[in-house]
Structure formats: C-alpha cells, structure tokens
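Just so it is clear, none of the values below were taken in a lab; they were calculated from the coordinates. A quick note: this is a predicted structure, and the numbers were derived from the prediction, not measured. Cβ coordinates were reconstructed from backbone atoms using ideal geometry, including for glycine residues, and neighbour counts include every protein chain displayed.
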4 protein chains.
Amino acid sequence: MKEYQFELEMKVRDYECDLQCIVNNANYQHYMEHARHEFLEKAGANFGQLHQQGIDAVVAKVEIEYKTSLISGDRFVVKLNIAREGVKLVFFEDIYRLPDLKLCARGKVESVCLDRGRLTRGELFDEIFSKWLKK
Amino acid sequence: MKEYQFELEMKVRDYECDLQCIVNNANYQHYMEHARHEFLEKAGANFGQLHQQGIDAVVAKVEIEYKTSLISGDRFVVKLNIAREGVKLVFFEDIYRLPDLKLCARGKVESVCLDRGRLTRGELFDEIFSKWLKK
Amino acid sequence: MKEYQFELEMKVRDYECDLQCIVNNANYQHYMEHARHEFLEKAGANFGQLHQQGIDAVVAKVEIEYKTSLISGDRFVVKLNIAREGVKLVFFEDIYRLPDLKLCARGKVESVCLDRGRLTRGELFDEIFSKWLKK
Amino acid sequence: MKEYQFELEMKVRDYECDLQCIVNNANYQHYMEHARHEFLEKAGANFGQLHQQGIDAVVAKVEIEYKTSLISGDRFVVKLNIAREGVKLVFFEDIYRLPDLKLCARGKVESVCLDRGRLTRGELFDEIFSKWLKK
C-alpha cells in the first residue's frame, strides 16, 4: 500500500446502489468530493464558508477507473494525495474496500480556484494545504 | 381523474432506482420538488433567482403515500394543486404512471416563505400564484 | 431527550446541500433510510441480502416535519424507535444536530414486508426486531 | 457543431445544484448515464431488463472535462457518439447548454459487458448498436 496524505472511512448506503445492486458510478465521485472537503476541513477551511467569501474550488476535470464494485453493506476508505500542477490542485483519490483493501476505484480530480467567479493562480491552495504540498 | 392546476411529464432515470429495482422513495420527493419549481417558472418566477433575492420557499412538512412502484423505463406525470392554509402554501401532488394512469404516489407538501431567513405571512405566494389560488 | 432504541451519527456531505445552502429535503429521507438499514444490520439482517432472498421491506408512507435546516459542516444523529401497527412496522425517526441536539427533522416511516412481491403480515419484522418490539 | 448519433434534451432540476448554485459535478455523470440508457432504448433494449437477463453493461472508466457550469433554469442537450475499442464500447458524450449551445462538459465513458458477472468480448454491443457502429 502506497502512502497517502489523508483518508476517510465510509460505508455504502443502500440508496447509493442502483438496480445492478452495486454502487452507482456517479456516487464514487460523491465519495471523492466528500473526502476532499473533509481534508479541507482538516486543513482548517470549510467549503461552504469559502463559497460565502466568494472563493470557489471547482472541478475542471475528473478521471475515474472502476476496478471492483462496492455493494450493500460494504465499508470502504477513500485515500488521497495532492499535488500542484500549474494553477490546478490535483487530487489523486483511491477507494479501497474494507477490510480486505481491494482497490475499487482510482480517481484523479483536477480543481481550480475561483475568486468571485474569476480564475486565480491557486495561491489560496498553497496557503491552505501548505503542510501537504511538496516544496 | 380529478382536475389539477399543473402537470409535468417525466421519465424514470435508471440511477434513481435502487437495489430493489424500483425508484428509491426519496426520489419521489425530488420529482415533486421539480414539479413545484417548474410550476413556479410557469407562474413567472425562478427558485434560484428568488434565493439570490433573499426569498426562500422552504418545505415545512411532507407526507407521501406510496401506492405503486415506478421501475426502469416507466414514464410518469406529476399533477398538482395548490392551496393557502394560513402562512403556508400547500401543494397536493400526485404521481401517475403513464400511459395507464395508475396512481404511484400521493403527496402533500407544506411550504413557507422566508425573507432573508425570517418567516413571512406568505404574501409573495399570493402574488406569484394569484391565477391559481382561489379567492 | 426521550429514549431511543437506536441511533446513528452522520455528517452532512456538501453535495447533499442545494442552492439554498441547506441540506435538500429529500436527503433527510435518505438519512432516515440509512439509519433504518443500519438498525437492521444491528438486528442481524442486511437489506440487500433480504432482497436477494425475495424479501423486501418497502415504505408505504412517510411523514417528515422539517424544523431546523442542516448546513455544510454539520454533524447530526438520527435516533429511532419502532412499533408494530397491524401489518406495518413503523419507524419514528428524529434527526438532531450535534453537538447542540437541536431538533432538525421529525419523521414517521411506515413500512410493509413483501415476500416475492406479495404483502405479508410482517411476521419477519417480529422475528428480526424481537428484542426491540414491545410484547 | 460536429455530428452525433444520438441526443437527449433535459433541464436542470434544482436539487441537482449544490451550495455553489451550480449543478454538482457528479450529476453530469448521471446525465450522461441517462442519455446512454435512452440511446439503448432507442436501439431496442432496456438496461433494467438486460440486468434481469444476467447481462450488465458496466462502466470501466470515465473522463469528464468541465467547461461551463449549468445553473438553475438551464436547459441542455447531451449528444453522443459510440465506438468499439476492443472489448469496450466507448461513449463520447458532450453536454451543451440550450439555446446557445455553449459546451458545458465533454465526457468519455468506457463500458464493458458482463454476462452473469463474467467479462464478455462485447458481441452483444455489436448486435444492439449495429446500426451505429462503423464496420
């Protein structure tokens, strides 16, 4: 298991499963979003409050590879690392089933930071995540 | 079939079905919300724009009886009537499967109107829905 | 605070909030469903596995009063009690914000038990929840 | 505007917007899924019925670039093309706002076909989509 900067345990909720009896694909994106926002809280900021201040982190691109389907009753963990790539803050987010740590999904989420709707160079990301961004 | 003041046709989307292969209960509430907001647009207002102006219609109570389950591939129609009850605007919303018009769900949704977070007497409802509210 | 038979702590996920910056009404129904299914697991059964065996608990009626809106960053607890009323198993589910225990929503969810699509008298409920159903 | 093999018009539903007052990212994936399943119906098959027969199309990978955010009140169209790439059926799905046809999202969704849980070579895709797959 490679090392990650943050992780969040969750459990499948049955309404997240679709008629194939597996978690619907879009919900993995929800899981990854929630993990990012919890990481943000750990770093001392809140997504909703940032929005009130006119600061919006928005997703520019998402890539998800689906490996193993989560089903009713499964627990899982979202593990993530971050990196700056130009103006973007990139989240590498992997979802593992618990307790066997089988890889379920591998995601790459690229976000940019808007200030009152205008694209920034992402300096705020550096500030908030200074402990985790490599120099 | 009784008469209704507004109706909106929709179709089940597969991600709205859960592992029982039927539309998840909470989604009927979504369908009813969407019908209310479309009715609002027909009356000349937009829910998002009202929020920007500090006006928020919020749900105070919801009651839904589930009669017949919608499944993958089903089309349906949400039909509604409104009534003022004190400060509340009450929506009676029934969902029928198409084309056989079988009753799927019967809902009663009570909403109140907030102006910058403070409860109003609902005068704005009277104004917006004057054509439909009985004198 | 009255006594409850089961409780489940959760946290608002930002995607559950709508453009009014509060948790969308339908999501309270999701929270209540998840609490019921976790209670079911505590009682030794799993909703998905029951479905595989042809046994489906389905919601016949739901009533929710909305008292205080949950917002981004809020933690909350769903607390519930159950009672048999004829063929129905009724869940009384209240949602309180944490840590101040402010009441956010009060729900009553009536469910029936289907065996291969046919309504049962709900004997299976008695069996599964025998520890919690009053004699 | 390039040519597409299928398109589906939809309208933003307010519950799909999050606290940033824009459609939540995961919902674009829902829109794309719904367009694929409607295309499948046009081709004569139904996703739910295929599942009942033991045939499951599952997503192996998704890539979405987000260009312009959809907001409350927006109408939009999902336009798609398909191609076979080995065992995969690839959907190129673009979402345009209406009526100005501004590009909102550009998606690539790779799916595989399982028969009773086992990976197939995707022959069923060829059969169902024979009219649209280039020889």
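Here are some notes:
- Any chance A:Gly107 is at positive phi and not basic (Lys, Arg): no
- Unique match (being surrounded by fewer than 23 Cβ atoms within 10 Å (Cβ to Cβ), more than 17 Å from the chain's Cα centre (by Cα) and more than 22 Å from D:Val58 (Cβ to Cβ)) among A:Ile71, A:Ile55: A:Ile55
- Take the conditions (1) surrounded by 20 or more Cβ atoms within 10 Å (Cβ to Cβ); (2) without any contact (Cβ under 8 Å) to a residue 60 or more places away in the chain; C:Val109 misses just one of them, which is (2).
- Members of the stretch C:91-128 found to be in a loop (DSSP other than H, G, I, E, B) and either in contact with a Ser or Thr (Cβ under 7 Å, 6 or more places away or on another chain) or closer than 22 Å to B:Asn25 by Cα (or both), listed by number: C:Lys102, C:Arg116, C:Gly117, C:Thr120, C:Arg121, C:Gly122
- Set D:Lys79, D:Lys131, D:Lys61: member being among the charged types (D, E, K, R), over 20 Å from A:Asn27 (Cβ atoms) and crowded, with 16+ Cβ neighbours inside 10 Å: D:Lys79
- Taken together, the criteria exclude A:Glu85 from residues that are buried (at least 18 other Cβ atoms within 10 Å of the Cβ), over 22 Å from D:Leu114 (Cα atoms) and either among the acidic types (Asp, Glu) or touching a Pro at 6+ places or on another chain (Cβ under 8 Å) (or both).
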